[in-house]
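Novice: Can you keep this structure in mind? I'll have questions shortly.
Please treat every number below as a calculation from the coordinates, not as lab data. Since this is a predicted model, take the numbers as computed values, not measurements. With ideal geometry, Cβ positions are generated from the backbone for all residues, glycine too; neighbour counts draw on all protein chains shown.
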Amino acid sequence: MKLAPTTEEYSVTVSASLAKHFILLDRAVGLVAYAKSREVIQADRGERQLAKILETLAVIEAKGRVPFADVLSVEGVRLGRGITIVAITPSEDKRWVAITHELLRRGIRVVAVFISPSSFGEEGEGEDEIMAELVEAKTPAYVVRRGDALEVALSRPYH
């Protein structure tokens, strides 16, 4: 499947792919997204859960005004130890990386999927710094670039 060349489309597709993957593994999966409004689907298992997530992702637009660091900070407070967050973003604001460190210290596992804005022709030069900080904090991190096959990009942790 060929994706539209936007970080938004790639982010939605990565989210949908990972939700399907973990639902098929019988994991409880939820979704939090800040678009025009805050979208929350509480964690659950099964095909109905996958359908809810896919329906939400199909209509979501990246029109939110809340910085990604603030989303992680606010939503992370509501989570307990042992939860895993998959943080998917094209944000080069390094504050979100600092928030992932806080979450890790609180016993919340974080996996980062960075959608590289520079590969989409958007301004951006912070990818190397962001990825280096994630690796230094021992946060599993993946980079997805325009044109990448998602199954390949999401199977290779950044080193």
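Novice: Compute the Rg to Rh ratio over the chain from the alpha carbon atoms, using the Kirkwood formula for Rh, and round to two decimal places.
Specialist: That ratio is 0.93, to two decimals.
Novice: I'd like the trypsin sites (Lys or Arg not before Pro) in region 12-60 restricted to DSSP loop residues with at most 15 other Cβ atoms within 10 Å, sorted by number. Don't jump to the answer; show the numbers that get you there.
Specialist: On the way: sites: K20, R27, K36, R38, R45, R48, K52; in loops: R27, K36, R45.
Here the trypsin sites (Lys or Arg not before Pro) that fit, given the DSSP loop and packing criteria, are R27, K36, R45.
Novice: Taking a threshold of 27 Å on the Cα-Cα distance, which of the pairs K94/K138; K20/K63; K63/K94; K36/K94 fall above it?
Specialist: Violating the 27 Å Cα-Cα cut-off are zero pairs.
Novice: Right, something else. What does the charge dipole of the chain about its Cα centre add up to, to the nearest 20 debye, if the Cβ of each Lys and Arg holds +1 and the Cβ of each Asp and Glu holds -1?
Specialist: So the magnitude is around 700 debye.
Novice: Here's another thing I want to ask about it. Quick one: compute the contact order of region 2-149, relative version, from alpha carbon pairs under 8 angstrom and 6+ residues apart, as a percent.
Specialist: This gives 20 percent for region 2-149.
Novice: GluC sites (Glu not before Pro) within region 24-125: which are DSSP loop residues with at most 15 other Cβ atoms inside 10 Å? Please report the intermediate quantities before stating the final value.
Specialist: Numbers: sites: E39, E47, E55, E61, E75, E92, E102, E122, E123, E125; in loops: E61, E92, E122, E123, E125.
In loop regions of region 24-125 (DSSP not H, G, I, E or B), the sparsely surrounded GluC sites (Glu not before Pro) are E61, E122, E123, E125.
Novice: I've got another one for you. Just grab the label-to-label distance for H101 and K20, each label 7 Å out from Cα along the Cβ direction, in nm (one decimal).
Specialist: With each label point 7 Å from Cα toward Cβ, the separation is 3.7 nm.
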